[in-house]
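Engineer: This is the structure I have questions about; it appears just below.
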């Protein structure tokens, strides 16, 4: 009897202060870390560890059971859903914030707005000169991130209509180098996360309705959902572990958690 | 007792030394084995995503398709079946996500149990469709036809002009632009570094006073200790804009920028090794030359340089070796566009930069992963040839002396 009580107490203790693991997207990583930090400050007994590796890595870990929450910058793919099904597991999806991509050019560039079709033409290599989209007679130099970046896929899906990038696109290893290069190259165009926008580069207004309305990349426009190049950021967890992770997920969705979203540079959920 | 103890200690140390050299050799062999085992696997795979099929209507007369054609179809560059040997009809693209445009969720089923049937019916009803979907959704009595796709061939791999392993649905694995990019950048680097390095080493070994050399040599050797990412940063912020302005180019990230950075990085190797070789010229030979009335200059280029030529070559080749394998600095300044370069003023993508940039997201064991290992094999073979050349040259010199 006595041992049973001790066991029970032990079980309770471990379930309350159980360590939670978050793994996945490098885009969500800084947000997850900040959230975990504040969460642990509030709940002294909680222990949350956050690691990156990419959305695919996080979702694979969720299926294997090596993480409690998978952070993802994209929706779960068909193949991943099927894997979960094979293992007879069910997952739950929570949107915790939005991320917006700004299309940027050199500040000396006259062009200040582009339609999605024009962007597609530029990034797939069909439009090669700025004069074709109303600018100076200047060769377009396209910068993109390396294929290992989450933004690479996102931009391809949302802007290029799933077409492949032109092979002449310059692939940069980091967001910082894209900004550096675009600020010193006259004919340059590229994309960066809204959080990384800097004054050395100019953002371009985009239109997703064939040029009827053009929307600038700003936090306000991303918040009211008028800016089209934005994507949700997700947490995925198994329904069986819902109890364990609920406290942390609720914290991320709370007003306090959403304030952190804004601090990190992402777009908070609309209330 | 004391001698026994001493002997035992000697034996023990001997064993320890042998063990460490064995471990080192084994590690190297294992790495090479692993590299080639993974790399060769690429030729056993089809260039489309694993577990996926490409299917068409059974009345379509096209039977075979190359990965390049698949990519062009899905990029809508090929829009008509007649361009790839079919009947003239426009091509309708289908990806699995599009299924909801054709069938309701109820028909597909909550656990996708109705999906194979839907796919089969869809492909049967649309004569000009091309569909890309997972093999497991292939219906048992599938009414369409699967397109044949060849495995990656050697000629496709080495002769292909496009490197685009993340292209969907068919990966493009032509390493030609990468090999050319690597050689292009390294060649430029050596053309810049060799004259400069040689001049500096002649000056330091023959002309400079002791005092000057004692200041200069450590400074040059310091160059070798600077982390490559610092060189890359310097290149991106200083050299890239400079090249862009000087040559009035649309883009400054070029092979030339990479060559300059690599040239600077190869300098310490070239200078240190060739300077050492020149200073090893026997004093007697130099003095004999001077005694015969030769001037200082004549002595340098008739005696010192010929005597130390093997050391100079070794320095140059080791310098190239460093340039070819360098990753981070090049990744930052060459622009990394995988196109075949026509001049030194165009962006290039090198092999090491490709491996470093892409390995992070390549699924373990997949086609892309193995293709990167195959690239590693190519790089390994290039540096192996370079090392053998060094060995050959220094051996040849030994025979000459005797």
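Nothing in this text is a laboratory measurement; each read-out follows from the coordinates by a stated rule. Given the structure is predicted, the values throughout are model-derived calculations rather than measurements. All Cβ positions, even for glycine, are placed from backbone atoms using ideal geometry, and neighbour counts span all protein chains on display.
Engineer: Which value in nm describes the separation of the simple spin-label points at residue A:256 and residue B:40, placed 7 Å from the Cα toward the beta carbon?
Structural biologist: 6.0 nm
Engineer: When chain B is modelled as a GNM with alpha-carbon springs shorter than 10 Å, which of B:147, B:318, B:262 fluctuates the most?
Structural biologist: Evaluated over chain B, the most mobile residue of the options is B:147.
Engineer: What is the distance, in nm, between label points placed 7 Å from the Cα along the Cα-to-Cβ direction at residue B:223 and at residue A:95?
Structural biologist: 5.6 nm
Engineer: A further question follows. If you find the alpha carbon centre of the range B:190-237 and of the range B:12-47, how far apart are they in angstrom?
Structural biologist: That distance is 35 Å.
Engineer: Need one number: nm distance between label points at residue B:395 and residue A:19, each 7 Å from Cα along Cα→Cβ, rounded to one decimal.
Structural biologist: In this crude label model, residue B:395 to residue A:19 measures out at 5.5 nm.
Engineer: Separate question: Alpha carbon centre of the range A:153-196 versus the range B:92-129: separation in Å?
Structural biologist: Computed from Cα coordinates, the inter-centre distance equals 34 Å.
Engineer: Return A:167, A:38, B:274, B:90 ranked ascending by Cβ neighbour count within 10 Å, so the fewest neighbours appear first.
Structural biologist: Least to most surrounded, the residues fall as B:90, A:38, A:167, B:274.
Engineer: Quick check: the angle from helix A:255-264's long axis to the longest principal axis of chain A, C-alpha only, nearest 10 degrees?
Structural biologist: 40 degrees
Engineer: On a 0 to 90 degree scale, rounded to 10, what angle separates helix B:2-40 from the longest Cα axis of chain B?
Structural biologist: Once rounded, the angle reads 40 degrees.
Engineer: Determine the percent antiparallel among the DSSP beta bridges restricted to the protein assembly as shown, to the nearest 5.
Structural biologist: About 60 percent, rounded to the nearest 5.
Engineer: If neighbour count is taken as other Cβ atoms inside 10 Å, put B:246, B:350 in order from fewest to most.
Structural biologist: So the ranking, lowest neighbour count to highest, is B:246, B:350.
Engineer: Could you tell me the distance between the Cα centroids of the range A:56-113 and the range A:197-234, to the nearest Å?
Structural biologist: A separation of 20 Å, based on Cα centres.
Engineer: Rounded to the nearest 500 deg cm²/dmol, what is the calculated helix-only ellipticity per residue at 222 nm for chain A, with -39500 (n - 2.57) per DSSP H run of length n ≥ 4?
Structural biologist: Rounded to the nearest 500, the figure is -11000 deg cm²/dmol.
Engineer: Still on this model: May I ask for the Rg/Rh ratio of the range A:169-271, computed from Cα atoms with Rh as the Kirkwood radius, given to two decimals?
Structural biologist: Expressed as Rg/Rh, it is 1.07.
Engineer: Right, something else. Which order results if A:122, B:382, B:13 are arranged by neighbouring Cβ count within 10 Å, fewest first?
Structural biologist: B:13, B:382, A:122
Engineer: Hey, another quick one. Mind checking the angle between helix A:29-42 and chain A's longest principal axis? C-alpha axes, 0 to 90 degrees, to the nearest 10.
Structural biologist: On a 0 to 90 degree scale, this one is about 40.
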